[in-house]
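The values are calculated or read from the model by the stated rules, or taken from the named source; none is laboratory data. Treat the numbers as computed from the prediction; the structure is a model and nothing was measured. Glycine gets a Cβ as well: all are built from the backbone with ideal geometry, and neighbour counts include every protein chain shown. Accessible surface is based on the protein model in full, side chains and every heavy atom, while ligands, DNA and RNA are left aside. Shrake-Rupley method; radii C 1.70, N 1.55, O 1.52, S 1.80 Å.
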Amino acid sequence: MDTELEALAQAHGVATWYEDWHHKRRDVSAGSVIGVLGLLGVDASTPEAVRRELTEVRQAQAEQRLPGTVIVRQGKGRELPAPGTITLEDGSRLEVAAVPEDLPLGWHRLAAGGREVTLVVVPAELPEPPKTWGWMLQLYSLHSAASWGMGDIGDLRTFVENSRGAGLVLLNPLHAVTPTGPIPTSPYSPSSRRFANPLYLRVADTAAYRRADPALRARVDALRPAPAADGLIDYSGVWRAKAAALQLLWPLAEEVDLNADPELTDFAVFCALAEEHGADWHDWPEELRRPDSPAVRAYQSERIAFHVWVQQLVDEQLTAVKRLAHECGMPVGIVHDLAVGIDPGGADGWLLQDVLAQGVHAGAPPDALAQLGQDWGLAAWRPDRLIATGYAAYRDMLVRIFRRAGGLRIDHVAGLWRLWWVPPGMGADGGTYVHYDPEAMLGILALEALRAGAAVVGEDLGTVLPAITDGLERTNMLGSAVLWFTRDDTDPSEGYLPAAEYPRNTMATISTHDLPTAGGFLIGEQVRVRAELGQLAGSVEQEWTNARKDRAQLLARLAAEGLITATSTNEEIVVAMHEFLARTPSRFVLASMYDVLGELKQPNLPGTSDQYPNWRMPLAASLEQIVSDPRFVRIAAVLAKRSGMPG
């Protein structure tokens with residue numbers, strides 16, 4: 001690659017090479033680099049353009065221009081190109097020659113060198129999270145006598161009240177969907193990460209339902225959907241029923257103030273427009289494709305107030321269950337899950353389009369399991385626009401989630417450092433990494449978590465940069481340790497790591513939503529299903545050989561720990577897996593309902609769409625059965641032993 005193009009790419013955080021899954025250098029094509037630079041507003045189409053852009057970069061460096069956002073860790077100062085004025089969050093002003101070391105945490109303004117920028121003072125670390133245990137819950141998979149076709153916030157409340165001393169409950173993402181059919185099944189491709197999914201609302205727990213007379217309540221109750229014929233969750237059917245019920249109750253709603261939360265009102269405008277013009281804003285009339293257009297500003301509809309009201313109801317119920325968790329003695333409480341990105345055609349794709357890379361899809365480079373790379377179809381932040389806008393959209397997202405969360409799991413936490421961009425018109429293997437400022441991304445996350453009193457867990461599975469693990473540990477954010485993947489690097493046969501050697505700064509689990517359940521692993525369900533669907537890259541025989549080897553190695557580890565014998569049943573082995581995790585020094589240890597209840601099918605099978613019922617399978621047992629199930633009680637007792645362990 002031309003050295004000037006390489007220098008320009010480096011200046012803008014665009015990788016010109018990366019280390020592949022074989023740990024070998026893989027060069028990125030010049031076409032990919034030029035395409036990604038163009039998406040960042042950098043013209044690299046000709047050698048002359050490259051030189052022009054490089055001159056601009058070097059001039060900015062020579063002039064020591066302040067970036068649009070300055071990040072400072074608490075206790076650290078920063079030199080300035082000229083004396084300036086700092087306006088603190090509380091409105092007080094300081095005249096300074098440099099950023100002082102004793103600034104308070106928070107969001108401030110800095111004027112210096114002819115520029116006024118955002119100044120964020122972030123904590124060096126979060127308080128160390130407690131040593132505790134909890135449950136992993138795919139909330140949609142619960143079902144009870146009171147819920148409508150899928151688990152809801154009312155079910156979550158019941159679960160928390162019967163959680164048997166757990167310190168936390170980790171949920172699947174509850175991000176907002178676009179409220180038009182068909183409703184997408186994956187919780188990891190949301191319309192907005194700032195707002196919540198109304199499908200999880202318990203209609204009967206709303207103030208409007210309580211105010212309704214018996215006749216109206218009966219009409220609402222009659223809308224409860226019958227179970228689907230195939231036994232799977234029908235998200236679109238659930239929303240049709242709840243939307244109709246909420247429409248009946250709408251006349252009983254308290255007056256909605258559209259000026260109280262402008263961002264929420266903007267989201268509601270999107271929902272109303274989507275009901276008229278379709279779920280993807282790219283297909284709307286051209287005059288509606290920007291939220292600041294005259295046509296959108298002039299748009300009026302009663303549906304705007306309706307959707308604001310619905311979001312307020314969901315937020316009230318989520319905030320109430322957060323409060324309940326702490327009242328029940330949970331030291332962490334409800335932990336939400338942050339998806340790595342959003343549907344480009346959804347609400348945030350429309351509302352935040354100026355800070356998103358238009359046309360880019362986030363994904364992953366080629367690896368052993370996906371040799372053509374992965375295109376997740378998700379929109380990606382533009383790092384330059386985040387900096388220029390003071391990370392306002394990122395901050396707003398975190399603040400809103402932390403209002404209703406005692407903790408936050410960050411899916412693909414490596415995305416705070418770098419993200420694989422797939423430019424328009426290219427395959428996933430034609431992308432490259434774009435780097436973000438981890439001091440900003442991690443620091444702002446720490447600041448808002450600290451202000452909310454929340455814990456943070458990063459999903460750092462697979463091959464990650466050492467800086468990611470170090471960054472999480474430095475800030476007292478937890479990484480992830482999954483039993484299936486936690487191997488002993490010193491063992492030539494790559495057996496499982498002893499419990500005592502697990503990393504302390506982690507959340508330990510048996511599996512995840514994308515991996516085999518405990519019961520499924522023991523019988524090779526993941527091989528059977530993938531073979532049946534034609535999803536195996538190698539031979540079926542080899543996959544079965546690998547599965548039998550993995551099982552034998554796990555049983556050997558459990559036997560070495562004195563947890564099983566040669567005559568142990570599969571159910572006893574699953575209990576032993578939990579006993580094994582309870583012995584680890586990991587800060588959090590979580591049990592999944594799928595493992596506890598002996599479910600064989602995993603919630604999601606990566607690489608499939610319609611071939612497998614991803615995200616649509618309810619648990620076999622009802623919530624009423626789960627909370628009294630002897631297996632649930634036993635696993636709770638096993639994990640509760642950790643309470644007496646030293647922190």
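Any residue in the stretch 474-497 that's more than 13 Å from THR584 (Cβ to Cβ): show its pairings with residues that are of a type in the set (A, V, I, L, M) and at pLDDT below 90 at Cβ separation under 7 Å, as long as the two are six or more apart or on different chains.
These pairs meet every condition: PHE485/LEU461.
If a residue counts only when it is farther than 26 Å from ASN505 by Cα and in contact (Cβ under 8 Å) with a residue 24 or more places away in the chain, which strands (runs of 3 or more DSSP E) contained entirely in the stretch 86-130 have at least 2 such residues?
Details: elements: 93-99, 106-112, 115-122.
Filter on the stretch 86-130 gives 106-112, 115-122.
Does ARG303 satisfy being in contact (Cβ under 8 Å) with a residue 12 or more places away in the chain, of a type in the set (Lys, Arg) and not in a helix (DSSP H, G or I)?
Details: in contact (Cβ under 8 Å) with a residue 12 or more places away in the chain: yes; of a type in the set (Lys, Arg): yes; not in a helix (DSSP H, G or I): no.
No, not satisfied.
Any residue at all in the stretch 14-37 that's more than 35 Å from the chain's Cα centre (by Cα), exposed (fewer than 15 other Cβ atoms within 10 Å of the Cβ) and small (Gly, Ala, Ser)?
Of all residues in the stretch 14-37, those more than 35 Å from the chain's Cα centre (by Cα) come to none.
Scanning the stretch 14-37, I find no residue that is more than 35 Å from the chain's Cα centre (by Cα), exposed (fewer than 15 other Cβ atoms within 10 Å of the Cβ) and small (Gly, Ala, Ser), so the answer is no.
I need the full set of residues from the stretch 4-28 which are of a type outside the set (Gly, Ala, Ser) and closer than 18 Å to THR463 by Cβ, in order please. I'd like the intermediate steps shown before the answer.
Applying the first criterion (of a type outside the set (Gly, Ala, Ser)) to the stretch 4-28 yields 4-6, 8, 10, 12, 14, 16-28.
The answer is TRP17, TYR18, GLU19, ASP20, TRP21, HIS22, HIS23, LYS24, ARG25, ARG26, VAL28.
Go through (1) of a type in the set (A, V, I, L, M, F, W, C); (2) under 30 Å from ALA146 (Cα atoms); (3) surrounded by fewer than 21 Cβ atoms within 10 Å (Cβ to Cβ) for ALA556 and report which single condition fails.
Checking ALA556 against (1) of a type in the set (A, V, I, L, M, F, W, C); (2) under 30 Å from ALA146 (Cα atoms); (3) surrounded by fewer than 21 Cβ atoms within 10 Å (Cβ to Cβ), the one that fails is (2).
Can you say whether GLY349 is in a loop (DSSP other than H, G, I, E, B) and either under 27 Å from LEU273 (Cβ atoms) or in contact with a Gly (Cβ under 8 Å, 6 or more places away or on another chain) (or both), as far as the supplied structure shows?
Working: in a loop (DSSP other than H, G, I, E, B): no; either under 27 Å from LEU273 (Cβ atoms) or in contact with a Gly (Cβ under 8 Å, 6 or more places away or on another chain) (or both): yes.
So GLY349 fails the test.
In the stretch 391-409, how many residues are of a type in the set (A, V, I, L, M) and open to solvent by 10 Å² or more (accessible area, probe 1.4 Å)? Walk me through it before giving the result.
In the first step, residues of the stretch 391-409 are kept if they are of a type in the set (A, V, I, L, M); the result is 392-393, 397-399, 401, 405, 408.
Right, trim to open to solvent by 10 Å² or more (accessible area, probe 1.4 Å) and you get 392-393, 399.
The qualifying residues number 3.
Let me confirm something: among ARG551, ARG634, ARG587, which residue is over 18 Å from ALA518 (Cα atoms) and basic (Lys, Arg)?
Working: ARG551 fails: over 18 Å from ALA518 (Cα atoms); ARG634 fails: over 18 Å from ALA518 (Cα atoms).
After applying the criteria, what remains is ARG587.
So which residues in the stretch 314-342 are touching a residue at least 60 places away in the same chain (Cβ under 8 Å), part of a helix (DSSP H, G or I), out of contact with any Lys or Arg (no Cβ under 7 Å at 6 or more places or on another chain) and open to solvent by 10 Å² or more (accessible area, probe 1.4 Å)?
Correct list: ALA320, HIS326.
Could we say that ASP230 is of a type in the set (Asp, Glu), surrounded by fewer than 19 Cβ atoms within 10 Å (Cβ to Cβ) and at pLDDT below 95 here?
Working: of a type in the set (Asp, Glu): yes; surrounded by fewer than 19 Cβ atoms within 10 Å (Cβ to Cβ): yes; at pLDDT below 95: yes.
Yes; evaluated as a whole, the condition is true for this residue.
For the stretch 236-268, enumerate the residues that are among the small types (Gly, Ala, Ser) and either modelled with pLDDT under 95 or open to solvent by less than 60 Å² (accessible area, probe 1.4 Å) (or both). Walk me through it before giving the result.
Initial filter on the stretch 236-268 (among the small types (Gly, Ala, Ser)): 236-237, 241, 243-245, 253, 260, 268.
The answer is SER236, GLY237, ALA241, ALA243, ALA244, ALA245, ALA253, ALA268.
Scan (1) open to solvent by less than 20 Å² (accessible area, probe 1.4 Å); (2) within 21 Å of LEU313 (Cα to Cα); (3) not in a helix (DSSP H, G or I) for the single condition GLY149 breaks and write down its number.
(1)
So GLY607 passes all but one of these: (1) at pLDDT below 95; (2) not in a loop (DSSP other than H, G, I, E, B). Which condition number does it fail?
(2)
Kindly indicate whether any position in the stretch 112-130 is more than 30 Å from PRO67 (Cβ to Cβ), surrounded by fewer than 22 Cβ atoms within 10 Å (Cβ to Cβ) and out of contact with any strand residue (DSSP E or B) (no Cβ under 6 Å at 6 or more places or on another chain). Lay out the reasoning, then the answer.
Kept after step one, since they are more than 30 Å from PRO67 (Cβ to Cβ), are these residues of the stretch 112-130: 128-130.
This time we only want the ones that are surrounded by fewer than 22 Cβ atoms within 10 Å (Cβ to Cβ), so: 128, 130.
Imposing the further condition that a residue be out of contact with any strand residue (DSSP E or B) (no Cβ under 6 Å at 6 or more places or on another chain) reduces the set to 128, 130.
Looking for residues that are more than 30 Å from PRO67 (Cβ to Cβ), surrounded by fewer than 22 Cβ atoms within 10 Å (Cβ to Cβ) and out of contact with any strand residue (DSSP E or B) (no Cβ under 6 Å at 6 or more places or on another chain), one finds at least one in the stretch 112-130, hence yes.
With respect to ALA176, is the statement that it is open to solvent by 20 Å² or more (accessible area, probe 1.4 Å), of a type in the set (A, V, I, L, M) and under 22 Å from TYR140 (Cβ atoms) true? Lay out the reasoning, then the answer.
Values: open to solvent by 20 Å² or more (accessible area, probe 1.4 Å): no; of a type in the set (A, V, I, L, M): yes; under 22 Å from TYR140 (Cβ atoms): yes.
When the stated conditions are applied, ALA176 does not pass them.
Going through the stretch 56-66 one residue at a time, which ones are surrounded by 15 or more Cβ atoms within 10 Å (Cβ to Cβ) and either assigned to a helix (DSSP H, G or I) or at pLDDT 95 or above (or both)? Write out each step before concluding.
Restricting attention to the stretch 56-66, the residues satisfying the condition of being surrounded by 15 or more Cβ atoms within 10 Å (Cβ to Cβ) are 57, 66.
Scanning the stretch 56-66 gives a single hit, VAL57.
Can you spot a residue in the stretch 594-608 that is among the hydroxyl-bearing types (Ser, Thr, Tyr) and in contact with a His (Cβ under 9 Å, 6 or more places away or on another chain)?
yes
Can you tell which of PRO618, PRO613 is open to solvent by less than 60 Å² (accessible area, probe 1.4 Å), in contact with an Asp or Glu (Cβ under 9 Å, 6 or more places away or on another chain) and not aliphatic (A, V, I, L, M)?
On the way: PRO618 fails: in contact with an Asp or Glu (Cβ under 9 Å, 6 or more places away or on another chain).
Just one listed residue meets the conditions, PRO613.
Please determine whether any residue of the stretch 369-390 is open to solvent by less than 20 Å² (accessible area, probe 1.4 Å) and more than 27 Å from ASP429 (Cβ to Cβ).
There is at least one residue in the stretch 369-390 that is open to solvent by less than 20 Å² (accessible area, probe 1.4 Å) and more than 27 Å from ASP429 (Cβ to Cβ).
Looking at the stretch 217-261, which of its residues are outside any loop (DSSP other than H, G, I, E, B), small (Gly, Ala, Ser) and in contact with a Phe, Trp or Tyr (Cβ under 7 Å, 6 or more places away or on another chain)?
Selection gives ALA241 alone.
Could you please tell me which pairs satisfy a Cβ distance under 9 Å, a separation of 6+ or placement on different chains, a first residue in the stretch 510-523 that is aromatic (Phe, Trp, Tyr), and a second residue that is outside any helix (DSSP H, G or I) and open to solvent by 20 Å² or more (accessible area, probe 1.4 Å)?
If the second residue must be outside any helix (DSSP H, G or I) and open to solvent by 20 Å² or more (accessible area, probe 1.4 Å), the pairs left are PHE521/LEU515.
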